[in-house]
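> The structure under discussion is supplied below as structure tokens; questions concerning it will follow.
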Protein chains: 2
Amino acid sequence: MAPRVKPSLDTVFAALADPTRRAILAMLLEDDMAVTDVADPFEMSLAAISKHLTILASAGLITQEKRGRVKWCKLEPDAMKGASVWMQGFGQFEPVNLDAFERFLGVELRMEEEE
Amino acid sequence: MAPRVKPSLDTVFAALADPTRRAILAMLLEDDMAVTDVADPFEMSLAAISKHLTILASAGLITQEKRGRVKWCKLEPDAMKGASVWMQGFGQFEPVNLDAFERFLGVELRMEEEE
DNA sequence: GGGATCGTCAACCATCTGGTTGAATATGCT
DNA sequence: AGCATATTCAACCAGATGGTTGACGATCCC
């Protein structure tokens, strides 16, 4: 029942390769959310979002806890550690720059609106 | 002719999601390589490796320059910057730890041998 | 010129991915 | 009990992905 595998680089990178899933992770930065609420801003079906959440969960990037009929989704940023360390082995990237991060988030969201 | 698009998070993460491609990047850390030499340690066809290299190139993670009949592949670690910054927005991961990186490389290579 | 080497192209194939819809399950509310 | 809400399941579909093989165009070398 507990999330089985070691979240491999394969599954983490693959999970992060989809813009919908990255947007979900960004939403979860602010707070834990129910599946329905996660789905709300997207134009796709609830079932599709549910699948995305399953993928994020099996990559270890989120955990889901059912309380009552609501399943709460919680960001697990530590799951990115391995991938982050791996990438940083390729170059000393600029010291963690939150401004740049927010700019990226902004660009991503804007792209989805335009689509 | 020049690599067209802005290497998006989509293409970078997708490129990194494949273990063969990550192994290729790790090889290129040591030195630039010809396509044939890149393909050598793998058990798949040269054409398959050529495709992987194309994917890496269109994600901006490598560049390829043809000199004579040999096409040289060069690592372009800066293409990871965006992805790295994006991930670091989710948590302050341990200050660049090369030991951990080499451990990861080791694990990845070992996995391929066993397969 | 002619043969070997380097690399890509084209066609093909099996499998994965991301989405849909409709039905099913589980919980909460009155 | 009976209805509404929350979420998943199952079947299906189109298109992407990762691999193969065989032919092809370039380039180097004798």
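The values are calculated or read from the model by the stated rules, or taken from the named source; none is laboratory data. Here the structure is a predicted model, which is why all the values come from computation and not from measurement. Please note: Cβ atoms are built from the backbone with ideal geometry, for glycine as well, and neighbour counts cover all protein chains shown.
> Is there a residue in region B:9-24 that is within 14 Å of chain A (Cβ to nearest Cβ), under 15 Å from the mean Cα position of the chain (by Cα) and not in a helix (DSSP H, G or I)?
yes
> Can you tell me which residue is surrounded by the most Cβ atoms within 10 Å (Cβ to Cβ) among those in region B:49-66 that are near DNA strand C (Cβ under 9 Å from one of its atoms) and part of a strand (DSSP E or B)?
Per the criteria, the residue is B:GLN64.
> Which count do you get for residues in region A:32-76 that are farther than 13 Å from A:PRO7 by Cβ and away from DNA strand D (no atom under 11 Å from the Cβ)?
6
> Out of all the residues in region B:35-48, which are surrounded by 15 or more Cβ atoms within 10 Å (Cβ to Cβ) and either over 22 Å from B:GLU76 (Cβ atoms) or among the small types (Gly, Ala, Ser) (or both)?
The one that is surrounded by 15 or more Cβ atoms within 10 Å (Cβ to Cβ) and either over 22 Å from B:GLU76 (Cβ atoms) or among the small types (Gly, Ala, Ser) (or both): B:ALA39.
> Another question, then. B:ALA17 fails exactly one of the following numbered conditions: (1) of a type outside the set (Val, Ile, Thr); (2) more than 12 Å from DNA strand C (Cβ to nearest atom); (3) within 30 Å of A:ARG21 (Cα to Cα). What is the number of that condition?
In the conditions (1) of a type outside the set (Val, Ile, Thr); (2) more than 12 Å from DNA strand C (Cβ to nearest atom); (3) within 30 Å of A:ARG21 (Cα to Cα), B:ALA17 misses (2) alone.
> Would you say A:ALA79 is at pLDDT 95 or above and either more than 16 Å from DNA strand D (Cβ to nearest atom) or surrounded by 13 or more Cβ atoms within 10 Å (Cβ to Cβ) (or both)? Lay out the reasoning, then the answer.
On the way: at pLDDT 95 or above: no; either more than 16 Å from DNA strand D (Cβ to nearest atom) or surrounded by 13 or more Cβ atoms within 10 Å (Cβ to Cβ) (or both): yes.
In short, no.
> Six or more apart or on different chains, Cβ atoms under 7 Å: show the pairs whose first residue is in region A:38-62 and away from chain B (no Cβ under 14 Å) and on the phi < 0 side of the Ramachandran plot and whose second is within 7 Å of DNA strand C (Cβ to nearest atom) and β-branched (Val, Ile, Thr).
So the pair list comes out as A:PHE42/A:THR20; A:HIS52/A:THR20.
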